[in-house]
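The values are calculated or read from the model by the stated rules, or taken from the named source; none is laboratory data. Just so it is clear, the structure is predicted and the values come from calculations on it, not from any experiment. In this analysis, Cβ positions are derived from the backbone assuming ideal geometry, glycine residues included, and neighbour counts consider all displayed protein chains.
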């Protein structure tokens with residue numbers, strides 16, 4: 001909570017002797033305040049944005065403070081858009097809240113006393129300078145529309161008295177009649193608010209997208225904040241500023257003659273009609289839900305150099321090894337000393353160290369080998385391979401007398417490789433595909449595993465009994481494997497043992513040879529999904545949240561006098577696979593438009609949605625969820641009294657409103673508390689027509705409101 005202290009005050013009275021007080025507050029200020037003198041007959045006025053399009057997402061205000069004196073008040077012109085807050089009060093009521101614009105200005109320099117005009121923006125306008133911050137710094141999740149509303153209000157730092165929200169939408173008619181809040185159940189991925197370069201949207205941009213999706217306009221008005229539905233003439237909820245408690249209210253009808261006029265400058269304009277409207281949904285597709293390591297982007301930790309090994313047949317194997325920093329995958333390294341296994345917290349201490357590849361746990365490795373005889377090598381150029389090296393034992397030789405074990409220093413609860421991908425919605429009917437290949441590294445148990453030029457190209461033997469222990473979850477759902485090899489999802493944290501491909505078995509002992517061996521393939525379902533390979537886990541229901549994979553430390557045992565000290569992993573990949581019958585155009589933007597059966601087409605500018613409903617679009621961050629399903633054409637609207645799709649509803653609204661030309665009136669009225677953005681206005685000279693406020697200017701000292709209203 002940011003605190004503000006009053007640094008300046010400016011009292012003034014209207015021509016009807018109504019007392020007003022402007023307070024200029026500074027962030028974290030605790031000193032005394034100074035009283036300023038207002039200039040002329042209008043020391044404070046407010047301008048509401050004038051926009052002819054009724055469905056504009058925001059209609060905010062700006063204000064001008066006019067001061068007379070000899071102080072340039074330079075300290076007010078800061079670099080922060082929320083450093084100096086302005087409150088205009090009438091008695092105890094706040095009738096405007098905003099901030100001083102930190103801009104340069106030009107001022108008279110010829111006299112000791114002059115008029116200084118300070119420009120201000122409404123509190124909600126300053127959201128343009130506030131970037132979105134995810135709820136949890138550790139990971140991105142899903143956020144509800146209701147949480148977004150709260151965030152907009154809190155981050156604006158405004159002192160709004162009440163928040164007005166129209167009672168228009170619900171999950172169904174029963175929920176609507178029971179006043180249930182659908183916005184607590186409408187959620188969207190926080191990733192939608194960050195681009196591919198991780199640059200965040202501003203809160204004003206997000207507010208505009210939410211309002212476009214709901215067909216609303218956000219308006220700050222005389223100390224209150226309104227979310228206006230131009231077509232809704234029924235109940236509005238009047239919330240407190242924390243959105244905790246509410247009462248109900250309805251728009252009132254007012255006649256401008258009853259309000260009274262404060263001037264004679266009245267104008268009438270004719271606005272064009274439209275018979276064609278287009279909404280483009282800018283889909284933010286999840287290009288590929290994939291967890292893997294990109295070795296091309298890894299930085300060098302240590303070049304171990306070349307190791308030469310005498311093969312005993314007249315040839316020598318030469319191997320070059322490079323140890324790399326991990327990037328996408330989280331790889332855990334350990335040291336083992338005096339019986340204590342300790343995690344490595346700072347990998348950089350092994351920078352350019354020759355023992356970097358002796359770390360236990362997982363680390364990326366790039367290596368290449370060639371063999372040469374006594375005279376002529378068969379290959380002299382390196383052809384690098386990339387893999388993840390996973391070590392399970394330290395570098396001590398086997399010594400049964402002193403009880404030095406050749407086995408793993410790990411237990412099977414230690415994670416050596418982990419990865420997360422946040423804020424995903426994985427629809428039912430898809431699947432997860434996990435694949436990798438492993439090669440066991442081993443040495444005679446009486447030899448040091450780090451001695452004698454041991455390198456990854458050394459022969460190791462993989463057996464059918466060698467397994468990979470893996471944990472996978474999406475949100476709070478974990479996948480496990482039952483006794484029949486079937487994959488299931490549940491709320492219980494679990495792991496599973498993944499077997500290797502049995503087709504590689506060479507004999508009855510389960511020996512699989514010296515090369516890389518892949519995981520077994522679930523052939524029965526591979527053909528149902530795009531790009532599926534290896535182990536395929538069906539997703540029978542919608543799952544959303546963080547996708548997390550954990551690979552546990554290997555527990556490899558002695559075989560044929562050889563001690564395995566770990567293995568190499570190649571081509572590790574966990575991915576989400578769409579069903580093959582998914583729309584081929586799933587990654588393209590979705591267009592909605594009305595059909596025009598006329599020769600003449602007058603088309604409104606295309607409206608872009610960055611938050612949208614789902615229409616067989618594939619996996620997208622930009623799609624709204626309703627409970628645990630995508631929101632499609634199943635949102636209840638009290639305006640049409642049926643289930644709707646928001647994009648199509650907006651088009652119908654526009655055509656209904658702009659099917660013919662519209663009248664815009666500008667009239668100078670008495671400033672009245674009875675006028676609000678949801679008021680329905682009428683004029684005795686415009687029989688049968690109703691108008692909604694679409695901007696204007698309020699002069700508090702002169703008690704007048706230059707009202708701009710559009711036929712609705």
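The table below lists the values:
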| read-out | value |
| --- | --- |
| Tally, over the range 135-166, of residues that are part of a loop (DSSP other than H, G, I, E, B) and in contact (Cβ under 8 Å) with a residue 60 or more places away in the chain | 8 |
| Only listed residue being over 24 Å from residue 162 (Cβ atoms) and not assigned by TED's automatic domain parsing to the domain that holds residue 625, chosen from 198, 244 | 198 |
| Residue pairs meeting the criteria (Cβ under 6 Å; at least 6 apart or on separate chains; first in the same structural domain as residue 387 (by TED's automatic domain parsing) and surrounded by 14 or more Cβ atoms within 10 Å (Cβ to Cβ), in the range 310-324; second part of a loop (DSSP other than H, G, I, E, B) and at pLDDT below 75) | 315/373; 317/311; 319/455; 319/457; 320/382 |
| Residue, nearest to residue 389 (Cα to Cα), within the range 289-309, restricted to residues that are exposed (fewer than 14 other Cβ atoms within 10 Å of the Cβ) and modelled with pLDDT under 90 | 305 |
| Entirely in the range 167-262, the helices (runs of 4 or more DSSP H) that have 1 or more residues that are under 21 Å from residue 682 (Cα atoms) and touching a residue at least 12 places away in the same chain (Cβ under 8 Å) | 256-259 |
| Any hit, the range 382-389, residues being at pLDDT 90 or above and over 26 Å from residue 532 (Cβ atoms) | yes |
| Members of the range 26-41 that are outside any strand (DSSP E or B), at pLDDT 90 or above and either buried (at least 16 other Cβ atoms within 10 Å of the Cβ) or not assigned by TED's automatic domain parsing to the domain that holds residue 66 (or both) | 29, 36 |
| Matching option when the condition is surrounded by fewer than 18 Cβ atoms within 10 Å (Cβ to Cβ), within 25 Å of residue 482 (Cα to Cα) and at pLDDT below 85, among 514, 541, 557 | 557 |
| Scope the range 570-590; condition over 25 Å from the mean Cα position of the chain (by Cα) and modelled with pLDDT of 80 or more; matching residues | 570, 571, 572, 579 |
| Filtered residues of the range 622-656 (kept if surrounded by 16 or more Cβ atoms within 10 Å (Cβ to Cβ) and in a loop (DSSP other than H, G, I, E, B)) | 622, 624, 631, 638, 639, 645 |
